[in-house]
Amino acid sequence: MQGVPASFDFPADSAEFRHPAHRGGIELYRAHIVRHSFEPHAHAAFGLGAIEQGVERFRLRGAEHLAAAGSLVLMNPDELHTGRAETEGGWRYRMIYLDAEVAAEISGERDWWFADAVAADASTARRVTALLDRLWHAASPLAFDSLLSELLLQLAPHARGRRPERAEAPQRFARVVDFLQAHLDQRLTLEQLAAVAGLSPFHFLRRFRAHYDATPQQMLMALRLHRAKQLLGNGMAPAEVAAACGLADQAHLTRAFAQRYAVTPARYQRQLRG
């Protein structure tokens, strides 16, 4: 590992990101987390990977999940989740974040959906771990793309879930999320969001939290930090990113980013350039 973020409270915590230069919509991630606790956050991509050592506990879709060594972690795009260690020595894991369009292009299937966030499939988890490690060290674009295709073949049997149908009530909350996305740099009120949903303020807050297992503020911060990640990846300076995403200043960005991605904004940018 290339060191640890300065904001970590425990020096054993470490995380690294990498983007393949020749292909967009893909992010590789590897980490060993012992004491760090991830704030609610989401990825606008499939989050697919395996636990190498230890056990992770995370909250997703209103339930607590345990992912032990030899398990696959299978998250659909935009699913808000947390993360912390369940075992004394933390957990070590590798992930790949794939845009849905990229996953469809590689697999030839447009309806990927994972019904189970954790799958106890030790043999596949070992192969996925090995493939993710080889992707991290791939020496050429052709080698990378060939390994990527093999990785999705390994994961395809688990992508047989059915995307849940959207009921009328979630549609009004989807409008609120769209409103949040469009106003990340603004100070918003509960009354504004409730008006978008057509509900009274605290009735809206209760129903929104019941649906997303998160408050509107938690959702707003998750969206802000995801946007910050995109802007940092595009090379924008952290201070400018903080302003663009409605955060108080660069220090606020650094704290919030590290809480959700286990790395500081500056280190994240250095890792991508490296």
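The values are calculated or read from the model by the stated rules, or taken from the named source; none is laboratory data. In this text, all values refer to a predicted model and were calculated from it rather than measured experimentally. Glycine gets a Cβ as well: all are built from the backbone with ideal geometry, and neighbour counts include every protein chain shown.
List the residue pairs whose Cβ atoms are under 6 Å apart, where the first residue sits in the stretch 12-25 and is farther than 20 Å from A262 by Cα and in the same structural domain as L98 (by TED's automatic domain parsing), the second is not in a loop (DSSP other than H, G, I, E, B) and not hydrophobic (A, V, I, L, M, F, W, C), and the two are 6 or more positions apart or on different chains. Pairs found: H22/P141. Within the stretch 56-78, the residues that satisfy the criterion of being surrounded by fewer than 17 Cβ atoms within 10 Å (Cβ to Cβ) and either acidic (D, E) or out of contact with any Gly (no Cβ under 9 Å at 6 or more places or on another chain) (or both) are R61, G62, A63, E64, L66, D78. Scanning the stretch 39-55 for residues that are within 29 Å of V177 (Cα to Cα), small (G, A, S) and crowded, with 21+ Cβ neighbours inside 10 Å, we see that the one that is nearest to the chain's Cα centre (by Cα) is A42. Pairing each residue of the stretch 230-257 that is in contact (Cβ under 8 Å) with a residue 24 or more places away in the chain with any residue that is exposed (fewer than 14 other Cβ atoms within 10 Å of the Cβ), provided the two are 6+ apart or on different chains, yields C-beta distances under 7 Å for A244/D185; C245/D185; G246/D185; G246/Q186. When the residues of the stretch 110-124 are filtered to those that are over 23 Å from A42 (Cβ atoms) and in contact (Cβ under 8 Å) with a residue 40 or more places away in the chain, the one that is surrounded by the fewest Cβ atoms within 10 Å (Cβ to Cβ) is A120.
Any residue in the stretch 190-209 that is of a type outside the set (A, V, I, L, M) and in contact with a Phe, Trp or Tyr (Cβ under 7 Å, 6 or more places away or on another chain)? Yes - at least one qualifying residue is present in the stretch 190-209. When the test is whether a residue is in the same structural domain as H137 (by TED's automatic domain parsing) and touching a Lys or Arg at 6+ places or on another chain (Cβ under 6 Å), E64 does not pass it.
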